[in-house]
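The structure under discussion appears below in the form of structure tokens.
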Amino acid sequence: MDLQELREIAREEKARQKPVRVHCCTSTGCRAADAMGIYGNLQAAVKEHHLEDRVEVIGVGCMGFCGRGPLVQIDPDDLLYEEVVPDQATSIIEAMNGGTAQPILGDSQHPFFARQTRVVREYSGKIDPERIEEYIAVGGYESLHKAIYEMTPAAVVEQISKSGLRGRGGGGYPTGLKWATVAKMPGDQKYIICNGDEGDPGAFMDRSILESDPHLVLEGMAIAGYAVGANHGYIYVRAEYPLAIARLQKGIQQAKKYGLLGSQIFDSPFDFKIDIRIGAGAFVCGEETALIQSIEGGRGNPVPRPPYPAEKGLYECPTLINNVETLANITAIIRNGADWYASIGTENSKGTKIFALTGKIRNNGLIEVPMGITLREIVEDMGGGVPDGEVKAVQTGGPSGGCIPKSMLDTPVDYDSLRQVGSMMGSGGMVVMDDSTSMVGIAQFYMEFCRGETCGKCVPCRTGTVQLYAMLSKILKRQATRDDLAKMEALCEMVRDTSLCGLGQTAPNPVLSTLKYFREEYEALLVEPEYLNGQAALHGVSA
Amino acid sequence: MSVKTLKIDNQDIAVEAGTTIMEAAKEAGVRIPKLCHLEGLTPVGACRLCLVEIEGMNKLLPSCVTEVWEGMVIHTQTPKLQEYRRMNVELIFAEGNHVCSICVANGNCELQDVAVEVGMDHSRFPYRFPDRHVDLSHPLFGIDHNRCILCTRCVRVCDEVEGAHVWDVAQRGAAAYIVSGLNQPWGEVDACTSCGKCVDACPTGAIFKQGSTTGEKDADAPKFEFLTAAREKHQWTR
């Protein structure tokens, strides 16, 4: 395979594609509402109306507007049909011959779409993720060729550094710095790991990327391998994402067949193979050291850092571990240059971020927005606001993050601003809460999650989350006093400061941030010690 | 071999590069509380009692796994550390069923010693009273999960020193427990050599010799430092 052959595949693919393409979402969300039935009916209708010459139906990845799914979009007319049911499929095809389509016609110019900046999701929902030719037709694998033939590994690392890309898994560590560290580590064997163990409640960005455009991640990993000198990559995907796993498997096979992965990629001396490892259901395996233990076949327990994986990671070799979304940004940076990427976003947070916008909001779904956009723009303009009542808070960062109150909706979405207000960027879950939501209940929900997901290795996280959950439950049952609240705050600080890994260190965040902004809700639930004594006396026990 | 000079609780000390903070503190005669670490076994940094403050760092670091660096200024007994350690021990006591008065290890228990050391006289957190079981299927020994603090010393000593790998950790979080064999009764695990190293390594009364009663367990935890030194450095004196 050389560049000419790659472009020949692209040409053939474009020639093969029909003038009218009917995109039917076949991702997990829409599948749950029988998207596969719609897909089948659309294909049958095309055949029935003898439109095969100019119309083709393709199963695509996520279009983003998941709350209104299943979605069907007609290209190039840019018609978007929402909440389609299988029975309406025929009418969509009939509409092409002058009939009337039954499903709701959506507004593809709605701010939900119009305000997005699509870098990672550029071709999500536009190409068939199960055919590598479609990816190649939109310029796929050209970045890998460019990296191998026009750039030195050091130049690739420099581009990534200059782009200002930071880790999209939540921590926000500068990606270029991580790459440079691994690249400079001595040793013949290095590894690339793609962390696809997305587990925050309400977050599904990485699943969508893997399901919608798997080659984007594979190509990003190969470029990373070239840049740091690794010849082997692992994608760690949670078992709960069977479709993503299937599409990745198919993607790897197809890329290998074309010589885009495996030995001597593009007939160069660069080898890179990718294996998939499937998680076994532990949230903590998203923590990088636990993930490495899990790949090695051990119990998914975090281990103390340093040494960091960049120094001693998988099988004790220098290992570059990046999140799915981080790696999905790489091809665009190599293609368009670091300066282009750095022109998007803010001073210290460059590029775009995908959020899973969920909760009490009109428009649920995935959005890719430039860094620096305010929460208000996301919630009110793009999300269409809360269906009933008012926004109360926005939760970002999942069980590691915090709740940002309504009064702070003008906070720009970037790593540093979100941290300043006591939350964090996190992997991209964004849960909107309305004024019917109990903030103490939310804190309890996240603590229950952490209590169930702590590995149990270190004392503060294993025992602290149990006690914190019990304390929050006590408050909600109106059995806690002011002393209990003080005790809980002290325990939050202890768990945060002394836990071994990120899970424990951030587990108290939902409590601390709701205490910071909604303290009155906690206080309203407290009772006086005398009341408890009285209740105890009534039941003949001591308080 | 290079040497690093550092300061532990205002005391200057020079140690070999590669030494951990805990080893350096031992050399300086500074005691740092610990429960999961045992000299001679791989440190895991799990109990979090040995966390120390380093000047210029906002993170507390576990002294059992952190190697010293030149010019490090370490504080092992700040008010914050003392408070956190006390809470930590309270949490351990509240988590299991630790009743000293009827325990085989009473008077010879590292958990008890640490509780005294950090000044813990009661727990501010409610006791969880978990429903845990006792396994007496082994002819010589027994394991009482009520007294287990999940330090994993037994797991490591069996794995690293005896090489039998009878023990491991099952489940996660509050449900985690020390498991023998393939989740079999201890007495049915063929791999067990009945060497008793886990009895000696156990810091509490969780693993004990059958027949011992209250206060009769007399574990020999320092023996693993000797065993490892004997194997690796051929030093045969204790």
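The values are calculated or read from the model by the stated rules, or taken from the named source; none is laboratory data. Source: prediction; values computed, not measured. Note that each Cβ is placed from the backbone with ideal geometry, even for glycine, and that neighbours are counted across all protein chains shown.
Listed here are the residues, each with its yes/no results for (1) modelled with pLDDT under 95; (2) of a type in the set (Phe, Trp, Tyr); (3) more than 22 Å from B:Pro62 (Cβ to Cβ); (4) surrounded by fewer than 18 Cβ atoms within 10 Å (Cβ to Cβ).
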position: B:Val89; (1), (2), (3), (4): no, no, no, no
position: B:Ile92; (1), (2), (3), (4): no, no, no, no
position: B:Glu95; (1), (2), (3), (4): no, no, no, no
position: B:Ala105; (1), (2), (3), (4): no, no, yes, no
position: B:Val114; (1), (2), (3), (4): no, no, no, no
position: B:Val118; (1), (2), (3), (4): no, no, no, no
position: B:Pro126; (1), (2), (3), (4): no, no, yes, yes
position: B:Phe129; (1), (2), (3), (4): no, yes, yes, yes
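I'd like to verify a number: residues in the range A:337-372 that are among the aliphatic types (A, V, I, L, M) and more than 18 Å from the chain's Cα centre (by Cα), how many?
Summing the residues that are among the aliphatic types (A, V, I, L, M) and more than 18 Å from the chain's Cα centre (by Cα) in the range A:337-372 gives 4.
Limited to the range A:335-389, what total is found for residues that are farther than 28 Å from A:Leu144 by Cβ and among the hydroxyl-bearing types (Ser, Thr, Tyr)?
Going through the range A:335-389 one residue at a time, the tally reaches 3.
Against the condition part of a loop (DSSP other than H, G, I, E, B) and under 18 Å from A:Leu491 (Cα atoms), how does A:Gly464 come out, does it pass?
No, not satisfied.
Any residue at all in the range B:85-97 that is assigned to a loop (DSSP other than H, G, I, E, B) and either more than 18 Å from the chain's Cα centre (by Cα) or closer than 17 Å to A:Asp497 by Cβ (or both)?
So far as the range B:85-97 goes, no, none of its residues is assigned to a loop (DSSP other than H, G, I, E, B) and either more than 18 Å from the chain's Cα centre (by Cα) or closer than 17 Å to A:Asp497 by Cβ (or both).
Which condition number does A:Gln73 fail, the rest of (1) touching a Leu at 6+ places or on another chain (Cβ under 7 Å); (2) within 19 Å of A:Leu210 (Cβ to Cβ) being met?
Of everything listed in (1) touching a Leu at 6+ places or on another chain (Cβ under 7 Å); (2) within 19 Å of A:Leu210 (Cβ to Cβ), A:Gln73 misses just condition (2).
Inside the range A:388-422, can you point out the residues that are under 15 Å from A:Leu512 (Cβ atoms) and not in a strand (DSSP E or B)?
Hits for the range A:388-422 are A:Gly397, A:Gly398, A:Pro399, A:Ser400, A:Gly401, A:Leu418, A:Arg419, A:Gln420, A:Val421, A:Gly422.
For the range A:68-77, does any single residue satisfy the condition of being surrounded by fewer than 23 Cβ atoms within 10 Å (Cβ to Cβ), in a loop (DSSP other than H, G, I, E, B) and of a type in the set (Val, Ile, Thr)?
Checked the range A:68-77: no residue is surrounded by fewer than 23 Cβ atoms within 10 Å (Cβ to Cβ), in a loop (DSSP other than H, G, I, E, B) and of a type in the set (Val, Ile, Thr).
Go over the candidates A:Val85, A:Val46, A:Val60 one by one and state the one that is touching a Cys at 6+ places or on another chain (Cβ under 7 Å) and at pLDDT 90 or above.
A:Val60
Given the residues B:Val73, B:Val52, which is the only one that is on the phi < 0 side of the Ramachandran plot, modelled with pLDDT of 95 or more and surrounded by fewer than 16 Cβ atoms within 10 Å (Cβ to Cβ)?
Being on the phi < 0 side of the Ramachandran plot, modelled with pLDDT of 95 or more and surrounded by fewer than 16 Cβ atoms within 10 Å (Cβ to Cβ) holds for just one of B:Val73, B:Val52, which is B:Val73.
Test B:Val166 against the stated conditions and say whether it is more than 14 Å from chain A (Cβ to nearest Cβ) and aliphatic (A, V, I, L, M).
Criteria met by B:Val166.
Considering only the range A:457-466, state which residues are buried (at least 24 other Cβ atoms within 10 Å of the Cβ) and without any contact (Cβ under 8 Å) to a residue 60 or more places away in the chain.
Correct list: A:Cys458, A:Val459, A:Pro460, A:Cys461, A:Arg462, A:Thr463, A:Gly464, A:Thr465.
Taking strands (runs of 3 or more DSSP E) that do not extend beyond the range B:1-77, which have at least 1 residues that are of a type in the set (Asp, Glu) and under 20 Å from A:Gln505 (Cα atoms)?
Output list reads B:51-54.
Within the range A:370-386, is there a residue that is more than 27 Å from A:Met447 (Cα to Cα), crowded, with 22+ Cβ neighbours inside 10 Å and without any contact (Cβ under 8 Å) to a residue 60 or more places away in the chain?
yes
Go through the residues of the range B:205-212 one by one and say whether even a single one is touching a strand residue (DSSP E or B) at 6+ places or on another chain (Cβ under 8 Å), more than 14 Å from chain A (Cβ to nearest Cβ), of a type in the set (S, T, N, Q) and loosely packed, with under 15 Cβ neighbours inside 10 Å.
Looking for residues that are touching a strand residue (DSSP E or B) at 6+ places or on another chain (Cβ under 8 Å), more than 14 Å from chain A (Cβ to nearest Cβ), of a type in the set (S, T, N, Q) and loosely packed, with under 15 Cβ neighbours inside 10 Å, one finds at least one in the range B:205-212, hence yes.
Name the pairs whose Cβ atoms lie under 9 Å apart, with the first residue in the range A:36-52 and part of a loop (DSSP other than H, G, I, E, B), the second loosely packed, with under 15 Cβ neighbours inside 10 Å and modelled with pLDDT under 95, and 6 or more positions between them or separate chains?
Qualifying pairs under 9 Å: A:His49/A:Asn97; A:Leu51/A:Asn97.
Which is surrounded by fewer than 21 Cβ atoms within 10 Å (Cβ to Cβ), at the interface with another protein chain (Cβ under 9 Å from one of its Cβ atoms) and under 26 Å from the mean Cα position of the chain (by Cα), of A:Gly441, A:Gly452?
A:Gly452 is the lone residue from the list that is surrounded by fewer than 21 Cβ atoms within 10 Å (Cβ to Cβ), at the interface with another protein chain (Cβ under 9 Å from one of its Cβ atoms) and under 26 Å from the mean Cα position of the chain (by Cα).
For every residue, the table says whether it meets (1) basic (Lys, Arg); (2) modelled with pLDDT under 95.
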{"position": "A:Asp2", "(1), (2)": "no, yes"}
{"position": "A:His23", "(1), (2)": "no, no"}
{"position": "A:Met36", "(1), (2)": "no, no"}
{"position": "A:Arg68", "(1), (2)": "yes, yes"}
{"position": "A:Leu79", "(1), (2)": "no, yes"}
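Restricting to the range B:32-79, what's the tally of residues that are under 17 Å from B:Gly119 (Cα atoms), more than 9 Å from every other protein chain (Cβ to nearest Cβ), of a type outside the set (Val, Ile, Thr) and in contact (Cβ under 8 Å) with a residue 24 or more places away in the chain?
4
Yes or no: the range A:209-231 includes at least one residue that is assigned to a strand (DSSP E or B) and at negative phi.
The answer is no, given that none of the residues of the range A:209-231 is assigned to a strand (DSSP E or B) and at negative phi.
From the list A:Asp197, A:Asp213, pick out the single residue that is touching a Pro at 6+ places or on another chain (Cβ under 9 Å) and either surrounded by 24 or more Cβ atoms within 10 Å (Cβ to Cβ) or under 17 Å from A:Glu130 (Cβ atoms) (or both).
After applying the criteria, what remains is A:Asp213.
Tell me which residues, restricted to the range B:111-131, are more than 14 Å from chain A (Cβ to nearest Cβ) and charged (D, E, K, R).
B:Asp113, B:Glu117, B:Asp121, B:Asp131
Of the residues that sit in the range A:467-479 and are without any contact (Cβ under 8 Å) to a residue 40 or more places away in the chain and part of a helix (DSSP H, G or I), which one is nearest to the other protein chains (Cβ to nearest Cβ)?
Among them, the one singled out is A:Gln467.
I'd like the full set of residues that are under 15 Å from A:Glu288 (Cβ atoms) and among the hydroxyl-bearing types (Ser, Thr, Tyr), limited to the range A:157-192.
The answer is A:Tyr173, A:Thr175, A:Thr181, A:Tyr191.
Condition check ((1) touching a residue at least 40 places away in the same chain (Cβ under 8 Å); (2) within 17 Å of A:Leu144 (Cβ to Cβ)) across all residues:
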position	(1), (2)
A:Ile192	yes, yes
A:Asp213	yes, yes
A:Leu216	yes, yes
A:Glu219	yes, yes
A:His232	yes, yes
A:Arg238	yes, no
A:Ile245	no, no
A:Phe270	yes, yes
A:Lys273	yes, yes
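Output yes when any residue across the range A:114-132 is modelled with pLDDT under 95, out of contact with any Pro (no Cβ under 9 Å at 6 or more places or on another chain), surrounded by fewer than 18 Cβ atoms within 10 Å (Cβ to Cβ) and in a helix (DSSP H, G or I), and no when none is.
yes
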